[in-house]
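Below is one structure, written out as structure tokens; comments come after it.
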Amino acid sequence: MWRATVNGVLARKVRLALTALAVVLGVTFVSGTYVLTDTLKHSFGTLFSQYAAGVDLVVRTKAPFGESDATRQRLPESLVDVVRRVRGVAAADGFLQGYAQFVGRDGKTTIQTAGAPTFGISWSGGAQVGPARIARGRRPVRDGQVAMDVGTARRNGFHVGDRVKVLLEGEAEEFKLVGLFKLGTEGDFGAVSFAAFDPRTAQRVFGAPGVFDAVNVRVASGESAATVKRNLERVLNPGDVPFGGYDVTSAAVVANQTRKPVDEFLNVLNDALLGFAGVGLLVGGFIIFNTFSILVSQRTRELGLLRAMGASSPQVVGSVLTEAAVIGVFASVVGLVLGIALAQVLLWALPGFGFPVPNADLVLIGRTVFAAAVVGIGVTMLAAVVPAIRAARTSPIAAIAEVRESLSRTPRVRRAITGLVVTAIGVAIGIYGFSADLTVNNSVAVTFLGGFVIFLGLVVIGPLIARPIASVIGRPLRLVFGVTGTLARGNAMRNPRRTSATAAALIVGLALVALVAIFADSLKTSVRSALNEVKADYILTAPQFAGFSPEVATRVAHVPGVQRAVAFRWGDVRINGNDETVNGANAGLDDVLNLEYVSGNASGVQRGGILLSDKEAQSYHKKVGDELTIVFPASGARPLRVSGIYKTRRFTGAFPIDFIVAQRLFDEVFAGNQQDTLVYVRAEPGQAAVVRQRLGRALAAPFPNINVENRAQYLATREQTVDQFLNVFIALLLLSEVIAVLGIVNTLMLSIYERTREVGLLRTVGTTRRQIWAMVCGESVIIAVFGCILGLLVGLLWGWGVTNALRGQFVDTFSIPTRQLALFLVASVIAGLVAALLPAWRASRLDVLEAIAHE
């Protein structure tokens, strides 16, 4: 039996290789994703670990909201001397970190890569406490001097002695570049840039006079870090002196906390890419299932003879599963090798897309190898189980006589009932997902699960609806191509189970593409509707909604012709134990926005009140006149009276705004200098055009990072961002579509092998090679369009459910992009034609006499 199995594998090398290719692509994506993200984590981890170089302990204020560094308050400069006098401390220096962005050599464009952080740090250097180390030149020691990290200098052509502009809390300032530095042993931080100043200059440019973010401590030789930590805690937190409420943490822990946001981003990237790989593997599973079903069907007589000669049912199952295991092992090995190569190519390509990464060797760990093996072998074996069992259950007499299984009335009714029940369960799960009181993430997850169950229901019903749908789709082919079209239509209708299984591979990818397209169109429609409520003539932002100096709004307000300039800034707070974002705005909201008040107005905001969106007013059960207690990071709990409740939440064109307080109050309850994120500008009547020119002249030199856009331009920018998101998703989902096309190729190749004698007979009665081409292409197009129709149907249901689940959070309107969906239908026809090229060529090249003699 083992010899027969091995001979069977060797006899079907080409067909099994085509099947393996589908799994190879999925394994490649999985292993490539793991290698890529592990390498990025290692490289960025090495970078952030350098924050601990030259530092043993770090003293900071306690974070009011857990470990969130964003809510930590700065500590007084006088604390540095207190720390230096603690027993066991060899040296201590204050440390500041803030916003600092270099301007390019042209003086007009800022240096920022894909929204990556642009850090500014203080560097005393005197006591050699801290990670900064000079690589070339010297450290900055006075105002007007700056040092730059080695990687940023190399990529942008800066050298020691150059004059360079830096954007800070205020307008861009010019500094002399006196040195290039590393953090510890690392000098290239990829997309991240660093600017270093002497402590006094750092306090000035970061708006932090007399304060530091932390005190870096180096432990004296022979002293234990744990002992010095206890000494510091005893001195700093006695409870009866002004220096209370401080954390003393090891430098390694602080470095890990600093890298945590990067790790979280990379984890999200890893999960997203694995999700796309999972889709590809799901599609590949359908292909393997379909392939083995066809192979078992074609080997019915062979397997029957083996049963008649004494082979048991378990041996037949083992034979089929062994073939699957061979494919799985081959796919795992090849996929792992290609995945490593893919990760290397992506690492080489990222700098070309404007996102340089720190230099690092590829990281391949045991988990990646294990995942490749489990995915490759596991998916293949699972997909082959049902065909293997089906082969073992066929009686030897029926197998030798080649009695083919058909869908009799009883199984058809059972299948129909099962499929309808599964579909109904999916609909119920989806409705529960977006109608129940769940968190946003859970709501989307449950709704998505409902859509997947609906898909499974359609897979079960597929063989029952494949014949009538294929008949309708193929009718135009019969009218246009005559007999050839009739043959193509008949071939697609002949085996509905095969047609349905082949199309199922397309359904998954197209459903997800349709979902993303519907969500993107709904998001753009919601943004377009919300921006209609903006009265401002111009909206000022920085790239990726980065913060910028409040001086921008001050300068804009003094531009001749400007009637009103309203700036928004935001910070994290706690309300009833929930993390929320409060926005601060100066007077004049109603001049630049139509907030559509449900009740109340903005008049009480400048007197210490708060505006709530109707969504949050309902959530917290508040009405105008009620008090809402908010816990601020600097001032603690504070009750604010609700002045008004409004409907227009998405006037930013992106995230919703739910809580608005006066800018004066905001600055009072959030310590430190805050940055604005949006400025709405209203011009005086008839002055809009000239104000645009004046804004450009006023901001170009001091604030080259500011974009000045009218409402139409701002809307176009937001829509372009959504389109980029859509294009990335569709590009990643193309993997599943490529695998699905391979499935059609494989099915047609096996189908033609099965119909070799039939093709030969057609040739003998006068059918030309061109007509054989047309017949095979027509059958492929029918299968592709069938999959597209069901995929778009599932995608519409998915899109409707997910959009409802996210209503009020990201979208407000459900919109169907009919043009894009029609384009997907056209693309499916093209995919069907492409998939048919190889099988059609093979069918047209068959030797007529050999084909007729084929059994």
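The values are calculated or read from the model by the stated rules, or taken from the named source; none is laboratory data. Keep in mind that this is a model prediction, so the values were computed, not measured. Glycine gets a Cβ as well: all are built from the backbone with ideal geometry, and neighbour counts include every protein chain shown. For accessibility, only protein heavy atoms count, side chains too; no ligands or nucleic acids. Shrake-Rupley method; radii C 1.70, N 1.55, O 1.52, S 1.80 Å.
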Evaluate E = 1/(1 + (r/R0)^6) for Thr227 and Thr46, where r is the Cβ-Cβ distance and R0 equals 30 Å; express this FRET efficiency to the nearest 0.05.
-> 0.55
For the chain, what % of the accessible area comes from carbon and sulfur atoms, probe 1.4 Å?
-> 59 percent
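Give me the accessible area per residue for the chain, probe 1.4 Å, as a whole number in Å². Don't jump to the answer; show the numbers that get you there.
Values: 36560 Å² over 855 residues.
Roughly 43 Å² per residue, with all protein chains present.
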Taking every other residue with Cβ under 13 Å from the Cβ of Gly588 and scoring Lys and Arg +1, Asp and Glu -1, one gets +1
Using a ≥ b ≥ c from the Cα gyration tensor of the stretch 490-648 (square roots of the eigenvalues), is it rounded, prolate or oblate, where a/c under 1.5 gives rounded and otherwise the larger of a/b and b/c decides, a/b for prolate?
-> prolate
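If Phe286, Phe568 are ordered by their accessible area, calculated over protein heavy atoms with a 1.4 Å probe, which sequence runs from highest to lowest? Present the calculation step by step, with values, prior to reporting the outcome.
Values: Phe286 35, Phe568 0 Å².
Final ranking, largest accessible area leading: Phe286, Phe568.
How do 430-436, 492-498, 22-28, 691-697 rank on mean C-beta neighbours within 10 Å, highest first?
Numbers: 430-436: 17.6, 492-498: 20.4, 22-28: 28.4, 691-697: 15.7.
Ranked by mean Cβ neighbours within 10 Å, highest first: 22-28, 492-498, 430-436, 691-697.
Work through the residues other than Leu762 whose Cβ is under 12 Å from its Cβ and net out their charges, Lys, Arg +1 and Asp, Glu -1.
Details: positive: Arg755, Arg757, Arg763, Arg769; negative: Glu758.
Every neighbour counted, the sum reads +3.
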Compute the distance in nm between two label points, each set 7 Å from the Cα along the Cα-to-Cβ direction, one at Ala637 and one at Thr185.
-> 5.1 nm
Estimate the FRET efficiency between Ala349 and Arg845 by the formula 1/(1 + (r/R0)^6), using the beta-carbon distance for r and 41 Å for R0, to the nearest 0.05.
-> 0.55
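Work out how much length Arg105 to Arg142 would gain on full extension: take 0.36 nm times their residue separation and subtract the Cα-Cα distance, in nm to one decimal.
Stretched out fully, the Arg105 to Arg142 stretch lengthens by 11.0 nm.
Work through the residues other than Arg139 whose Cβ is under 15 Å from its Cβ and net out their charges, Lys, Arg +1 and Asp, Glu -1.
On the way: positive: Arg133, Arg136, Arg138, Arg142, Lys176, Lys182, Arg200; negative: Asp93, Asp143, Asp149, Asp198.
Local net charge: +3.
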With a Cα-only, solvent-free Debye model of the stretch 439-513, what are the log10 I(q)/I(0) values at q = 0.19, 0.27 Å⁻¹?
-> -0.81, -1.13
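With every protein chain kept in the model, how would you rank Arg641, Arg718, Arg763, Arg475 by accessible area, 1.4 Å probe, largest at the top? Don't skip to the answer; put the middle values down first.
On the way: Arg641 125, Arg718 35, Arg763 60, Arg475 105 Å².
Sorted by accessible area, descending: Arg641, Arg475, Arg763, Arg718.
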Pseudo-spin-label distance Glu533 to Ile575, built 7 Å along Cα→Cβ, given in nm, is 1.5 nm
Which FRET efficiency value, to the nearest 0.05, is calculated for Ile830 and Arg87 with the Förster distance at 56 angstrom and r the Cβ-Cβ distance?
-> 0.15
Give me the lysines in straight-line cross-link reach of Lys622: C-alpha distance below 29 Å, same-chain residues under 8 apart excluded.
-> Lys535, Lys647
Using only the Cα atoms of the chain, each taken as one equal point scatterer with no solvent, compute I(q) by the Debye sum, divide by I(0), and report log10 of the ratio at q = 0.06, 0.07 Å⁻¹.
-> -0.55, -0.71
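So between Phe655 and Ala689, what do we pick up on full extension, going 0.36 nm a residue minus the alpha carbon distance? Walk me through the numbers before you get to the answer.
Numbers: separation 34, 0.36 × 34 = 12.24 nm, distance 2.85 nm.
The Phe655-Ala689 span can extend by a further 9.4 nm.
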Separation between the Thr554 and Val483 pseudo-spin-labels, each 7 Å from Cα along Cα→Cβ, expressed in nm?
-> 8.8 nm
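Need one number: % antiparallel among DSSP beta bridges in the stretch 569-701, to the nearest 5.
Details: 19 of 26 bridges.
The antiparallel fraction comes to roughly 75 percent.
Classify the stretch 631-690 from the C-alpha gyration tensor, please: rounded if a/c falls under 1.5, else prolate or oblate depending on whether a/b exceeds b/c.
On the way: a/c = 2.32, a/b = 1.70, b/c = 1.36.
Here the stretch 631-690 falls in the prolate category.
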Using a 1.4 Å probe and ignoring any ligands, DNA or RNA, find the accessible area of Arg467 and quote it in Å² to the nearest 10.
-> 100 Å²
Rounded accessible area of Ser635 (nearest 10 Å², 1.4 Å probe) = 60 Å²
Give the ranking of Leu458, Leu96 by solvent-accessible surface, highest area first, calculated with a 1.4 Å probe.
-> Leu458, Leu96
The set of residues whose placed amide H lies less than 5 Å from the amide H of Gly653, leaving out same-chain residues fewer than 5 positions away, is none
Using the alpha-carbon atoms, what tilt in degrees (0 to 90, nearest 10) does helix 225-236 show relative to the longest principal axis of the chain?
-> 50 degrees
Given the protein chains as shown and a 1.4 Å probe, how many square angstrom of Cys788 are accessible, to the nearest 10?
-> 0 Å²
Hey, what number do you get for the chain at 222 nm if only DSSP H runs of n ≥ 4 count, each worth -39500 (n - 2.57), divided across all residues, to the nearest 500?
-> -19500 deg cm²/dmol
Answer rounded, prolate or oblate for the stretch 664-728, using the Cα gyration tensor with square roots of eigenvalues a ≥ b ≥ c: rounded when a/c is under 1.5, else prolate when a/b is larger than b/c, else oblate.
-> oblate
